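One structure follows; several queries about it will come next.
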Amino acid sequence: LTTPQDTQAQAELFVRLAADYDRSIRTYQPTYDAMLDLSTDLARVGAPGRSRCLDFGTGTGAALPRLGAMFDELVAIEPGHAMLELARARMADATTSPAVPPSFIEGTIDAPAAKALADASFDAVHCSLVLMFLAEDADKQRALEFFHRLLRPGGVVVLTELCTDADAAAERTTWAQWTSLMRHRGADDATVTAAEGQIHAAMHRRTPDQLRSFLERAGFGQVQQPFQALHTRIFVATR
Ligand SMILES: C[S@@+](CC[C@H](N)C(=O)[O-])C[C@H]1O[C@@H](n2cnc3c(N)ncnc32)[C@H](O)[C@@H]1O
């Protein structure tokens, strides 16, 4: 399982990233806004009701105003204190908010407040660019089982993940396209090198087939992949 050193290194990474996250993610993820528009809409259209949505690993809360316009109640879970403070501030300013103020849980699935969330009490779980930071398959699996426990029957999980390609040549081509795109959009050599280093050091990507089988093992059905841009794919699965 993830060691305390891994957890510490990751916490430090997100303290460093927090202030600049909303700018830098748009360099690293050339389709970030389109992806968030799509993943949040997919959470809404797949959900059996509009009452309650969880944003897991909310970061600076970029998805929250979008989800807040479509669900009556939001819960956001995030272990990074600096990221969570930015998410709280974003929602304090947001023009689109849910009917009741979002509740924020600082921590992971193991936080007491996360454990206390009732079974089958959510219509949707939105989880964007998070599970790839969990090093071990067992931890990814536990997170998906946690989502499954929280969702009502028919509830939907929308998972956005950076993947690897099982085919090595396809993987190399995707990297080359991504690097060229970053340069074309103005990233200098240092930014490209830092981004590549971060992906290799901090992310634990899996193939789409591995993610599908984690979802199925957690009890989800109807696993679909409605979107792909370079390394990043969106999966939707139903409880
Ligand atoms: C790349 S950011 C994504 C933030 C946001 N969901 C988005 O799409 O912009 C990854 C986030 O996952 C959070 N994270 C890392 N490990 C986590 C865990 N075990 N449980 C929940 N969130 C975690 C990090 O703190 C970070 O804020």
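Give the long-range amide H neighbours of Ser128: residues separated by 5 or more places, or on another chain, with amide H under 5 Å away, using H modelled in the peptide plane at 1.01 Å from N.
Sorted by chain and number, the residues that satisfy this are Phe56, Thr160.
Find which of Leu181, Gln222, His204 sits farthest along the positive direction of the dipole of the stretch 171-239, computed with +1 on the beta-carbon of Lys and Arg, -1 on that of Asp and Glu, about the Cα centre.
So the residue furthest toward the plus end is Gln222.
Here's another thing I want to ask about it. Rounded to the nearest 500 deg cm²/dmol, what is the calculated helix-only ellipticity per residue at 222 nm for the chain, with -39500 (n - 2.57) per DSSP H run of length n ≥ 4?
Rounded to the nearest 500, the figure is -15000 deg cm²/dmol.
Farthest toward the dipole's positive end in the chain, which of Phe104, His148, Ala170, given Cβ charges of +1 (Lys, Arg) and -1 (Asp, Glu) about the Cα centre?
Of Phe104, His148, Ala170, it is His148.
Explain nothing, just compute: Karplus ³J(HN,Hα) = 6.51 cos²θ - 1.76 cosθ + 1.60, θ = phi - 60°, for every residue of the stretch 119-133 in order, whole Hz, x for Gly and Pro.
4, 6, 10, 10, 8, 8, 10, 10, 9, 10, 6, 10, 4, 5, 8
Sticking with this one: Obtain the nm distance between the two label points defined at Glu145 and Asp93 by a simple spin-label model: each point lies 7 Å from its Cα along the Cα-to-C-beta direction.
Each label point is offset 7 Å from its Cα along the Cβ direction, giving 4.0 nm.
So, by mean Cβ neighbours within 10 angstrom, what's the order for 200-206, 63-69, 181-187 with the highest one leading?
63-69, 200-206, 181-187
Quick one: helix 168-184 against the long Cα principal axis of the chain, what's the angle to the nearest 10°, folded into 0 to 90?
90 degrees
Right, another one. Give me a comma-separated list of calculated 3J(HN,Hα) values for the stretch 209-222, in order, Karplus coefficients 6.51, -1.76, 1.60 applied at θ = phi - 60°, integers in Hz, x for any Gly or Pro.
Taking θ as phi minus 60°, the curve returns 5, 4, 5, 4, 6, 4, 4, 5, 5, 6, x, 7, x, 6 Hz for the stretch 209-222.
With θ set to phi - 60°, apply the Karplus curve 6.51 cos²θ - 1.76 cosθ + 1.60 along the stretch 38-44 and write out the HN-Hα couplings as whole Hz, x wherever there is a Gly or Pro.
6, 5, 6, 5, 5, 4, 5
Further, regarding this structure: At a threshold of 8 angstrom on Cα-Cα distance, excluding pairs fewer than six apart, so keeping six or more, what relative contact order does the chain reach in percent?
Contact order relative to length: 20 percent.
How much net charge surrounds Val75 when only other residues with a Cβ under 10 Å from its Cβ are counted (Lys, Arg +1; Asp, Glu -1)?
Cβ neighbours under 10 Å give a net charge of -1.
Is the stretch 182-234 best put as rounded, prolate or oblate by its Cα gyration tensor, with a ≥ b ≥ c the root eigenvalues, rounded for a/c under 1.5, and otherwise prolate when a/b is larger than b/c, oblate when not?
Oblate, since a/c reaches 1.5 and b/c is not below a/b.
A follow-up question, please. Dipole magnitude of the chain about its Cα centre, charges +1 at Lys/Arg Cβ and -1 at Asp/Glu Cβ only, in debye to the nearest 20?
That gives the chain a dipole magnitude of about 440 debye.
Would you grab the residues whose amide H sits under 5 Å from the one on Phe104? Only those 5+ places off in sequence or on another chain, please, with H modelled 1.01 Å from N.
Long-range HN contacts for Phe104: Ala76.
Values quoted throughout were computed directly from the atomic coordinates according to the rules given, and no laboratory measurement underlies them. Note that the coordinates shown come from a computational prediction; the quantities given were computed from them, not determined experimentally. Because the Cβ atoms are built from the backbone with ideal geometry, glycine has one as well, and the counts that use them run over all protein chains shown.
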